[in-house]
Amino acid sequence: MFNAWAAVRMAAVLTLLFLAAPAKAEPPPLEAYGRLPGVDNVVLSPSGDYYAIIGEVEKARRLLILRADGKPVMIAPVGDLKVRDVVWAGDDHVLVFTSLATGLGPRFKLLKYEVGQLLVLNVKTRKNFWAMSEGGLNGNGVWGYYGVRYLDGRWYAFVGGLRFQKSQTSGRILFKDANPDLFRLDLDTGETKLIAEDQGGNSRRTWIVGIDGKVDALFNYDQRDGGWEIRTPEGKAVASGVDKFGDTLLAGKGRTEGTVLYRERGEGGEDTWYEALTKTGDKLILFRGIRIAEQYRDPRNGVFIGYRRDSNRPDNRFFDEAAQERVQATMHAFPGMNVRLKSWDILFDRFIVQTDGPGDSGTWWFVDVNTGRADEVGRAYPRVRGEAVGPVQMVSYKAADGLEMEGVLTLPPGREAKDLPVVVLPHDGPGKRDYPQFDWQAQAFASRGYAVWQPNFRGSEGYGAEFRDAGYRQWGRKMQTDISDGVAELARQGIVDPARACIVGEAYGGYAALAGVTLQQGLYRCAVGIAPISDLAKMRFYLGYKLGRVGPGMRSFAAEVGTDEELDQISPARHADQASAPVLLIHGKDDTEVPIEQSRFMEKALKAAGKPVDFVELAGEDHWLSREETRQAMLRAAVAFVEKHNPAD
């Protein structure tokens, strides 16, 4: 085993040295950063004998199925499908999850929704079909995924679906109701069978599917008062409580059959994870006060086998000691790099991992423990190589009120870290966070000579409940000054020139960008808001129409942002006359999370105030910049705007 892992380490190190070799003196074109990843969604089959890839082949995006030795088995076009995930069912079926911005009929005519869809491919027969399209009464949409099971010699997927019915008066196909039911999908024929119904009304229901394909447990959540319960299909109570913000989660099976894993958020905001027996309701605490960023489950039966703990560097934990040892050895085979575990076989002797770090813009690897090899599968950003990758580090600092925090600093490659112009790039969410890893937007700006600052301001996840909750009602206030306090610390260290700063962000980050030149003044030479929130009262109205006026989404929004009376005080569009720098707005027309009207409100307000503003509308683009052409258009516009108002040289 020692020799095998020595070989893996040597193969990895040699390849990484190649990646870090000197590249051209000129930076890569912006298109190299704005392209969709050249390789993505690399997933092993349960046996480890095959793997699937979404990647670019001959200038077109395709799904590739390859053997473990790299020989192709199947190639299928993907085109402009927005692929969200790829899952294996055994070694014969591949499930490709996609999404599409679309309307949901007359009852929802004012809105679009990002609707999940599922393409099923049979590797042996080469046949494929879209799930939930049988008879036209399931809407071709997938509203939740509950795993795959092997029953009586056949593979089935268990998915949520909305049922439609024909109107007796108009003849139109309409929703039976807006709550998904649970269906069993035959992966060979496409036939569906109703397994369990949602109870309808203001309640929402999710399920756990047992090894026999039947419901083991279900979770009911009442959106009106936040009451929740976990029970068996026979009605036996497993757990219950009240959670007005909807943070309670039925995560799936526990570590064995006959158990469930669920998360509660206590009064102090601390997450507690419980494992409970479905027969007796007896429970034990598995974790308390930690954030689980990803759950790892056995692909055959959904049993909980491990997790990734949220931290600056990937931190994987598996309950089986042998599996943990092999995973850790794989991580250590790539010294000095970020190593993310992406997929594994059922024996834990083959892995798919992704790396990035010094000289590496993102590389996928097939690791075989038995042969001691780490073979490169492909690169996420193949045109960004070697010296073009800017160094990334964490920087700790204190906010004005003494709260300790940190952020990610990406430096321009090949330049001294002294008095640099800076692009501030706050994350969205706001309850997300940034990590010290390759970020295509940050690296694009760094390649043009800018230091890029990504602060994890209060309200960000990953730093504990108290830090997260410190962001409540601090939009435009302390969350905003946390960002500029980080710039001040970088200036104190001599890394950046605070007089040469622009602020750029998406969604909440876009809000922060607009607030940085309206609620704050004189700090930034320009602001770029990508799908930004500009008017919180109008955003509240939109969310109420989309989510319902009563429910956890609206309660969470009120808790995070503040009372109705406060919304105008912290809305950039209401303070457009105070804008102290030029503004660029960029927004996708198919954005279903933050409607494009938010940018149109801001543009109108700035023009009325006589302030400089440019607006780029991206046709066919969603909230996540899923299309390559429009993603590149966004990047070109944002970088050109920053270079115009805050030149790097």
Links that overshoot a 25 Å alpha carbon limit, given the list Lys71/Lys342; Lys214/Lys244; Lys112/Lys604; Lys398/Lys538: Lys214/Lys244; Lys398/Lys538
Helical mean residue ellipticity (222 nm; -39500 (n - 2.57) per DSSP H run of 4+; nearest 500) of the chain: -6000 deg cm²/dmol
Carbon/sulfur fraction of accessible area - the chain, other protein chains in place, 1.4 Å, %: 49
Amide H contacts under 5 Å for Val115, placed H, 5+ residues apart: Leu100, Ala101, Thr102
Gap separating the Cα centres of region 291-346 and region 445-519, nearest whole Å: 31
Separation of the Phe541 and Asp92 label points, Cα + 7 Å toward Cβ, nm: 5.5
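So how many Å³ per residue does the convex hull of the Cα atoms of the chain work out to? Present the calculation step by step, with values, prior to reporting the outcome.
Working: hull volume 104.9 nm³, N = 649.
Taking the convex hull of the Cα positions in the chain, it is 162 Å³ per residue.
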Whole-Hz couplings from phi, Karplus 6.51/-1.76/1.60, listed for region 492-509; x for Gly and Pro: 4, 7, x, 7, 10, 9, x, 7, 10, 10, 10, 10, 9, x, 10, 6, 4, x
Pairwise centroid distance, computed over Cα atoms, of region 349-399 with region 579-636, Å: 32
Paramagnetic reach from Thr125 in region 52-93 [backbone N under 14 Å; point 7 Å along Cα→Cβ]: 92-93
Spin-label pair Glu597/Ser396, simplified geometry with 7 Å Cα→Cβ offset, distance in nm: 4.6
Separation in nanometres of the label points that stand 7 Å from Cα toward Cβ, at Arg288 and Thr256: 2.3
Gain on full stretching of the segment that runs from Ser580 to Arg415 - 0.36 nm per residue minus C-alpha separation: 56.4 nm
Proximal aspartates and glutamates relative to Lys607, as straight alpha-carbon distance under 20 Å, when same-chain residues fewer than 8 apart are discounted: Asp535, Asp568, Asp577, Glu597, Glu617
Solvent exposure of the chain as accessible area per residue, Å², 1.4 Å probe: 42
Partners for Lys644 among aspartates and glutamates (Cα-Cα distance below 18 Å; same-chain residues under 8 apart left out): Asp497, Asp614
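The values are calculated or read from the model by the stated rules, or taken from the named source; none is laboratory data. Because the structure is a prediction, the values reported are computed rather than measured. Here Cβ is always computed from backbone atoms with ideal geometry, including for glycine, and neighbour counts include all displayed protein chains. SASA here: full protein model, heavy atoms, side chains in, ligands and nucleic acids out. Shrake-Rupley method; radii C 1.70, N 1.55, O 1.52, S 1.80 Å.
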